[in-house]
Amino acid sequence: MRYPDEYREIRETFPDDFVFADYEGLVNYGCFQTRPADPYGNPWEIGIYHDECGCIFENRQRGVIGEVREALIKHDDWSDRASVRLPVECLQLDAEKINRFCDSTDRFVFANAWPRIFERIQFLRGSEQAFIDLALRPAGLSEVLGRFHDFHCRLLEAWANTRVDALLFQDDWGAQSSLLIDPALWLQMFKPLYRDYIDIAHAYGKKIFMHSDGYILEILPHLVELGLDAINCQVFCMGIDKLRQFKGRITFWGDVDKQHTLVTGTVADVEREVRQTHENLWDRGGCIAACEFGPGGKPENVRAVFETWEQLV
């Protein structure tokens, strides 16, 4: 929105090696479904947006996804959970169309699906109440969690039966300096679900990538143990010195410090961070250059990320 010419020039100079299946900023979401789900509104514009499950978001700043405006599950015992619908339309993929797309490009193709089980609880209840529910564990929570997990497994299997190269899932687990929940609770409730996602990908010969913002150091050893292929995380939020232990054990998929360096830093600051990433995490691979050109980011800093990386590899 602010730097269309600079953005276009960066994209043309450093073209993506990765591509989502017919994906450009979510505008084609559902284009490979024989019967698309029916979200309405625009998640990036000011106003109200309903996602494919009917969760309602209010966006107050253009370009930034909004917060849950109204919880779909209103009862603390989750007794009204029967009203929650699964977007089963997402399972009805046009595999022939997907395969034609994959065959048409020499780039690495991601599935156009992002299971997000932890965030789905927040979307259904609102973030504050979701954390309370995870502490109190009402009976209905487990049931809905199970329904969505089963749906996510079927969704990943549907995409795994196509010629895409990799599957993905995401959940933002980190605050600024710690996990958002007790790591013991994560191990009990969410690690088994992620194991299933990763096992599905590998059973079909696919790679699997995960995204999580924030400080997630406590769960990284478990993601490595599960065999996750690549993690998109905020490396400099955790401290690159703390991540050196994972060198050669998992691929770090970006990125430089988008909170500070890309916004207020200099080109020299960017170059230094990229070199630190290479020195600490690169091992005949093990890093994918990625950079989120988000609000506040300076075009010259974003460009420096890719210029520096090309010099190194």
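The values are calculated or read from the model by the stated rules, or taken from the named source; none is laboratory data. Since this is a predicted model, take the numbers as computed values, not measurements. Note: ideal-geometry Cβ built from the backbone for every residue, glycine included; neighbour counts use all protein chains shown.
Scan the stretch 81-116 residue by residue and report those that are in a loop (DSSP other than H, G, I, E, B), of a type in the set (A, V, I, L, M, F, W, C) and exposed (fewer than 14 other Cβ atoms within 10 Å of the Cβ). Scanning the stretch 81-116 gives no hits. Determine if the stretch 34-44 includes at least one residue that is surrounded by 13 or more Cβ atoms within 10 Å (Cβ to Cβ), at pLDDT below 90, assigned to a strand (DSSP E or B) and in contact with a strand residue (DSSP E or B) (Cβ under 8 Å, 6 or more places away or on another chain). For the stretch 34-44, residues surrounded by 13 or more Cβ atoms within 10 Å (Cβ to Cβ), at pLDDT below 90, assigned to a strand (DSSP E or B) and in contact with a strand residue (DSSP E or B) (Cβ under 8 Å, 6 or more places away or on another chain): absent. Do the conditions hold for Asp150, that is, is it of a type in the set (D, E, K, R) and in contact with a helix residue (DSSP H, G or I) (Cβ under 8 Å, 6 or more places away or on another chain)? Here the answer is no, as Asp150 does not meet what is asked. Filtered by the rule that a residue be under 26 Å from Ile200 (Cβ atoms) and either in contact with a helix residue (DSSP H, G or I) (Cβ under 8 Å, 6 or more places away or on another chain) or of a type in the set (Gly, Ala, Ser) (or both), the stretch 234-281 gives Phe246, Gly248, Arg249, Ile250, Phe252, Gly254.
Would you call Trp309 under 21 Å from Ile10 (Cβ atoms), surrounded by 15 or more Cβ atoms within 10 Å (Cβ to Cβ) and hydrophobic (A, V, I, L, M, F, W, C)? Against the criterion (under 21 Å from Ile10 (Cβ atoms), surrounded by 15 or more Cβ atoms within 10 Å (Cβ to Cβ) and hydrophobic (A, V, I, L, M, F, W, C)), Trp309 qualifies. When Thr266 is tested against the conditions (1) farther than 24 Å from Phe18 by Cα; (2) touching a Gly at 6+ places or on another chain (Cβ under 8 Å), the lone failure is (2). Each residue in the stretch 72-117 was checked for being of a type in the set (Val, Ile, Thr) and either without any contact (Cβ under 8 Å) to a residue 12 or more places away in the chain or touching a Leu at 6+ places or on another chain (Cβ under 7 Å) (or both), and 3 pass.
Quick check: anything in the stretch 55-64 of a type outside the set (Val, Ile, Thr), touching a Pro at 6+ places or on another chain (Cβ under 7 Å), under 29 Å from Glu292 (Cα atoms) and loosely packed, with under 14 Cβ neighbours inside 10 Å? Yes, the stretch 55-64 contains a residue that is of a type outside the set (Val, Ile, Thr), touching a Pro at 6+ places or on another chain (Cβ under 7 Å), under 29 Å from Glu292 (Cα atoms) and loosely packed, with under 14 Cβ neighbours inside 10 Å.
Matching residues to (1) under 25 Å from Leu217 (Cα atoms); (2) not β-branched (Val, Ile, Thr):
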position	(1), (2)
Phe123	yes, yes
Val144	no, no
Phe148	no, yes
Leu167	yes, yes
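Taken residue by residue, the stretch 60-70 has no member that is at pLDDT 85 or above and in a helix (DSSP H, G or I).
Taken as a whole, the condition of being surrounded by 14 or more Cβ atoms within 10 Å (Cβ to Cβ) and among the hydroxyl-bearing types (Ser, Thr, Tyr) applies to Thr251. Scanning the stretch 238-264 for residues that are acidic (Asp, Glu) and either without any contact (Cβ under 8 Å) to a residue 24 or more places away in the chain or more than 17 Å from Gly294 (Cα to Cα) (or both) gives Asp241, Asp257.
Yes/no per residue for (1) closer than 15 Å to Leu179 by Cβ; (2) in contact with a His (Cβ under 8 Å, 6 or more places away or on another chain); (3) crowded, with 20+ Cβ neighbours inside 10 Å:
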| site | (1), (2), (3) |
| --- | --- |
| Met210 | yes, no, yes |
| Pro221 | yes, no, no |
| Glu225 | no, no, no |
| Asn232 | no, yes, yes |
| Ile240 | no, no, no |
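Residue-wise test of (1) in contact with a strand residue (DSSP E or B) (Cβ under 9 Å, 6 or more places away or on another chain); (2) modelled with pLDDT under 95; (3) within 27 Å of Phe110 (Cα to Cα).
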site	(1), (2), (3)
Asp255	yes, yes, yes
Thr266	no, no, no
Ala290	yes, yes, yes
Gly296	no, yes, no
Glu310	no, yes, yes
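For the stretch 170-196, a residue qualifies if it is in a loop (DSSP other than H, G, I, E, B), among the acidic types (Asp, Glu) and touching a residue at least 40 places away in the same chain (Cβ under 8 Å), and the qualifying residues are Asp171, Asp172. Restricting Gln170, Gln188 to residues that are under 18 Å from the mean Cα position of the chain (by Cα), polar (S, T, N, Q) and modelled with pLDDT of 95 or more narrows the list to Gln170.
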